[in-house]
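The values are calculated or read from the model by the stated rules, or taken from the named source; none is laboratory data. This one's a predicted model, so the numbers in the text were calculated from it and none came from an experiment. Here Cβ is always computed from backbone atoms with ideal geometry, including for glycine, and neighbour counts include all displayed protein chains.
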C-alpha cells in the first residue's frame, strides 16, 4: 500500500470526487492510472482519499492511497497527469491503511479579500470559534457537526489569511466560518452573531451564513502520524514550475483587470 501527496489547482474541476459527466480531480487521477496500466477497473485496490474538496477548492497535500506497483513514483504518476494535478511525495503504508479514516487532522488555509477589515475583530471572532462546538448552523450536514477547531489569522495587505485545523470538516464548514469571520471583521455582523450561530437552535433562513467562494480555499495538510512521506525531487520541481507559471499568469491577469478598472 502506498500513499501519495497530490497538489492541484481546483478551479478547472467540479470538486475532487468523481461525478457523472463533469471533470473532477479523481477522474484525472484514475485516467492517469489507466494510461499507466495500473488501473483496470473502477478504482484501484484499497483506494481512499484524505478528503473530498468542493468544486474550485485547491490542495497542496491531498492524500490518496492504494495498492501501487513499486515503480509508480510521483514523477512517473505525473507523466500521465494533467499539469494542473501534480503528485510530489510518496509514503509506504501498512496493509489496511485508509487515507480517509486514518487522517488525524486536516488543515485548510483561506485567502480572504477583506479591504478595511478590522483584524482585531477578526481575531476576537476566531477566539470565540476555537475549541469544541456543534457547528450545525454552518453546514448542510446533519451528522459530524461537532468539531474541535483550531484557528489562526495572519494579515497580508487587503487579505485575511485564515487557517483552520480539525480532525475533519463537515461540508462547507470552512467556507461558512470564513464568511462569518469576514462579516464580523468588516462590521457587517455583531460579535453576538457568533454566539447565535453556535447555539443549539437552528438559524432561520434569513439569518443563515452563506459559504464564501471556493477558489481561495486550499487544503494544505492531512496528518498521518505513522507515515513518513519522501519528497520526489523531480516531481516536486515539476509542481513548483507548474504553479509558479500559474502565479505569474494570474498576476498578469490581475494587472490587466486593474488597468481596465482604473481607467473607467
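Quick grid of which residues meet (1) farther than 23 Å from residue 109 by Cβ; (2) outside the structural domain of residue 165 (by TED's automatic domain parsing); (3) at pLDDT 95 or above:
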{"position": "208", "(1), (2), (3)": "yes, no, no"}
{"position": "213", "(1), (2), (3)": "no, no, yes"}
{"position": "231", "(1), (2), (3)": "no, yes, yes"}
{"position": "234", "(1), (2), (3)": "yes, yes, yes"}
{"position": "239", "(1), (2), (3)": "no, yes, yes"}
{"position": "245", "(1), (2), (3)": "no, yes, yes"}
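Restricting to the stretch 144-169, give me the number of residues that are in a loop (DSSP other than H, G, I, E, B), in contact (Cβ under 8 Å) with a residue 24 or more places away in the chain and either out of contact with any helix residue (DSSP H, G or I) (no Cβ under 8 Å at 6 or more places or on another chain) or exposed (fewer than 15 other Cβ atoms within 10 Å of the Cβ) (or both).
Total meeting the criteria: 5.
Could you identify the single residue in 69, 115 that is over 25 Å from residue 166 (Cα atoms), in a loop (DSSP other than H, G, I, E, B) and not assigned by TED's automatic domain parsing to the domain that holds residue 153? Step through it out loud before you land on a result.
Working: 115 fails: not assigned by TED's automatic domain parsing to the domain that holds residue 153.
Checking each option against the conditions leaves just 69.
Out of curiosity, is residue 195 in the same structural domain as residue 56 (by TED's automatic domain parsing), in a helix (DSSP H, G or I) and surrounded by fewer than 21 Cβ atoms within 10 Å (Cβ to Cβ)? Explain how you work it out, then say what you get.
Details: in the same structural domain as residue 56 (by TED's automatic domain parsing): no; in a helix (DSSP H, G or I): yes; surrounded by fewer than 21 Cβ atoms within 10 Å (Cβ to Cβ): yes.
So residue 195 fails the test.
Considering only the stretch 200-233, how many residues are in a loop (DSSP other than H, G, I, E, B) and surrounded by 13 or more Cβ atoms within 10 Å (Cβ to Cβ)? Spell out how you get there, then give the answer.
The first filter runs over the stretch 200-233 and keeps only residues in a loop (DSSP other than H, G, I, E, B), leaving 200-204, 208-216, 224-229, 232.
After this cut, where a residue has to be surrounded by 13 or more Cβ atoms within 10 Å (Cβ to Cβ) as well, the list is 203, 208-209, 211-216, 224, 227, 229, 232.
Matching residues across the stretch 200-233 total 13.
I'd like the full set of residues that are touching a helix residue (DSSP H, G or I) at 6+ places or on another chain (Cβ under 7 Å) and in a strand (DSSP E or B), limited to the stretch 118-143.
133
Could you list, in sequence order, the residues of the stretch 74-107 that are part of a loop (DSSP other than H, G, I, E, B) and touching a helix residue (DSSP H, G or I) at 6+ places or on another chain (Cβ under 7 Å)?
In the first step, residues of the stretch 74-107 are kept if they are part of a loop (DSSP other than H, G, I, E, B); the result is 79-84, 93-104.
Across the stretch 74-107, the qualifying residues are 80, 81, 82, 83.
Tell me which residues, restricted to the stretch 28-66, are out of contact with any strand residue (DSSP E or B) (no Cβ under 7 Å at 6 or more places or on another chain), farther than 18 Å from residue 97 by Cα and part of a loop (DSSP other than H, G, I, E, B).
Listed by number, the residues that qualify are 36, 37, 38, 39, 40, 41, 42, 54, 55, 56.
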